[in-house]
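The values are calculated or read from the model by the stated rules, or taken from the named source; none is laboratory data. Please read all numbers here as calculations on a predicted model, not as lab measurements. Note that we place each Cβ from the backbone using ideal geometry, even for glycine, and neighbour counts take in every protein chain shown.
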Amino acid sequence: MDEFPLLPLADGPPPHERADAARNRARVLAAAERLFADRDPGAVTMDDIARAAGIGRGTLYRRYPDRASIAWALLDRHERVLQEQVLRGPPPLGPSEPQQPQPSPADRLAAFYRASAEFLEAHGRLLLGTETGIARYRTGAYAFWRLHATHLARQAGIADPEPFADLLLAPLAPELFTHQRQNGVSLIRIIEALTKMARGALP
C-alpha cells in the first residue's frame, strides 16, 4: 500500500539513550499512566507526575515540556499498532493483496471507524490527557489518519477530498466519544452509527 508515507505518531525514545535517562523515562511513563487511569486526566499536573515518578521537576521538564507530550508518548505504541493494521493488516481495515478485489472505500472507512472506536474505548482517558482542540491537528498521528481519509475520499470520487477528510475524522474526537459514553451510549451503538455514516459519506 503506497497511499502515503510512514509518518511519526509521537515522540519515542532517542536512538542512543543513556541508561539513567531510560530509567527516568520508564518511571515517568509508568507514573503518568497510573495517574491518567485513576483520575480525570485534565486534573493531572506535571508536579503530580514528577512526585509519582520520584524525580525532580527539572528532570521531568528536560524530557517532556508538558503533560500532553507525556500522554502522546504513552499513546505512541498503541497508535503504531493501529497504523500497521491500516497499512498492512487484513481487509477491509487494511488493503487486499494486489491480485485480489479491493474493499470499497466505504468498507475501509467503516472498518477504520470501528477500530478507532475500539481504540477510544481502550485509551480514551489517556487521549483526554493530551492537549485537545487545535493542538490535535498538529500531531503526526492526525496527519497520518488525515492522509488515509483523503485517500479513501479520493478513491470514492469526492471532488475535493482534503477538507472532506477532516470532516470524516471529526466524529472520532475523544471529547465527543467520552461525552457519548458518559451519557449511556454503548460502544456498539456508536460503531453502528459510524458505519452508517461511512456508507453514506463514501458512495
* To do: Check whether at least one residue in region 52-65 is of a type in the set (V, I, T) and either in contact with a Cys (Cβ under 9 Å, 6 or more places away or on another chain) or closer than 15 Å to L126 by Cα (or both), and report yes or no.
  => no
* Asked: Do we find that A165 is part of a helix (DSSP H, G or I), small (G, A, S), surrounded by 18 or more Cβ atoms within 10 Å (Cβ to Cβ) and free of Cβ contacts under 8 Å to residues at least 60 places away in the same chain in this structure?
  -> yes
* Just name the residue that is nearest to H123 (Cα to Cα) out of those in region 70-81 that are at pLDDT below 85 and not aliphatic (A, V, I, L, M). => H78
* Looking only at region 46-96, which residues are within 20 Å of the chain's Cα centre (by Cα), part of a helix (DSSP H, G or I), over 12 Å from A32 (Cβ atoms) and without any contact (Cβ under 8 Å) to a residue 60 or more places away in the chain? -> R77, H78, V81, L82, E84, Q85
* Within region 97-126, count every residue that is charged (D, E, K, R) and assigned to a loop (DSSP other than H, G, I, E, B). => 1
* Asked: Across region 138-170, what is the number of residues that are at pLDDT below 90 and over 11 Å from the mean Cα position of the chain (by Cα)?
  -> 1
* To do: Collect the residues in region 136-152 that are among the hydroxyl-bearing types (S, T, Y) and farther than 18 Å from L126 by Cα, keeping them in residue-number order.
  => T150
* Any residue in region 173-182 that is closer than 20 Å to L93 by Cα, in contact with a helix residue (DSSP H, G or I) (Cβ under 9 Å, 6 or more places away or on another chain), part of a helix (DSSP H, G or I) and hydroxyl-bearing (S, T, Y)? -> no
